[in-house]
Every structure is written in C-alpha cells, then in structure tokens.
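Peer 1: Let me begin by handing over the structure; questions about it come next.
The values are calculated or read from the model by the stated rules, or taken from the named source; none is laboratory data. Bear in mind the structure is a predicted one, so any value in this text is a computation, not a measurement. Cβ: placed from backbone, ideal geometry, glycine included. Neighbour counts: every protein chain shown. Please note that ligands, DNA and RNA were not included when accessible areas were found on the heavy atoms of the full protein model with its side chains. Shrake-Rupley method; radii C 1.70, N 1.55, O 1.52, S 1.80 Å.
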Amino acid sequence: MTWSQEREGAARNMRDKAQKLEQEAVHATDPAEHDRLMDKARRIREKSERVNGPGAGTMDPM
C-alpha cells in the first residue's frame with residue numbers, strides 16, 4: 001500500500017466516522033447530546049480537511 005492510498009483510507013475513515021456521528025445526532029432525543037455529537041462530527045471533518053484537503057480520498061467532495 002502506498003502512502004497516498006493510506007492517506008486516502010484515513011480520510012475516508014474520518015469522513016465515515018463523522019457521518020456516523022451525525023446520524024447518531026439525528027436520532028438523539030437529548031438536545032445536549034445532539035449538539036455534542038454534531039460538534040464532534042464537525043471537528044473530525046475539519047481535521048480531515050486540514051490534514052488531507054477538502055474531499056480527499058473521495059470522488060464525491062462534500
């Protein structure tokens with residue numbers, strides 16, 4: 001596996017985790033929990049973009 005492939009995989013994993021957290025937030029009944037999950041998802045997406053660039057590792061940039 002090349003360095004580029006590893007980086008793309010890491011970016012994809014970070015985006016997947018952020019998406020999962022957003023889905024959990026949608027189903028959260030507690031507003032504080034919803035906000036916490038959305039904030040965590042946002043931070044993960046921002047970190048992914050800082051490290052890998054916007055839309056890194058995907059053909060469908062957000």
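Peer 1: Here are some residues: R50, R42. Which one is over 25 Å from W3 (Cβ atoms) and either in a helix (DSSP H, G or I) or open to solvent by 100 Å² or more (accessible area, probe 1.4 Å) (or both)?
Peer 2: R42
Peer 1: Q5 fails exactly one of the following numbered conditions: (1) at pLDDT 90 or above; (2) outside any loop (DSSP other than H, G, I, E, B). What is the number of that condition?
Peer 2: Of (1) at pLDDT 90 or above; (2) outside any loop (DSSP other than H, G, I, E, B), only one is false for Q5: (1).
Peer 1: Also: For region 1-28, which residues satisfy the criterion of being closer than 18 Å to R43 by Cβ and either touching a Pro at 6+ places or on another chain (Cβ under 7 Å) or open to solvent by 70 Å² or more (accessible area, probe 1.4 Å) (or both)? Even if it seems obvious, please write down each step before you answer.
Peer 2: Narrowing region 1-28 to residues closer than 18 Å to R43 by Cβ: 10-26, 28.
Residues satisfying the conditions are R12, N13, D16, K17, Q19, K20, Q23, E24, V26.
Peer 1: Taking region 21-33 as the search range and keeping residues that are touching a helix residue (DSSP H, G or I) at 6+ places or on another chain (Cβ under 8 Å) and charged (D, E, K, R), which one is nearest to N52 (Cα to Cα)?
Peer 2: Checked region 21-33; the qualifying residue nearest to N52 (Cα to Cα) is E22.
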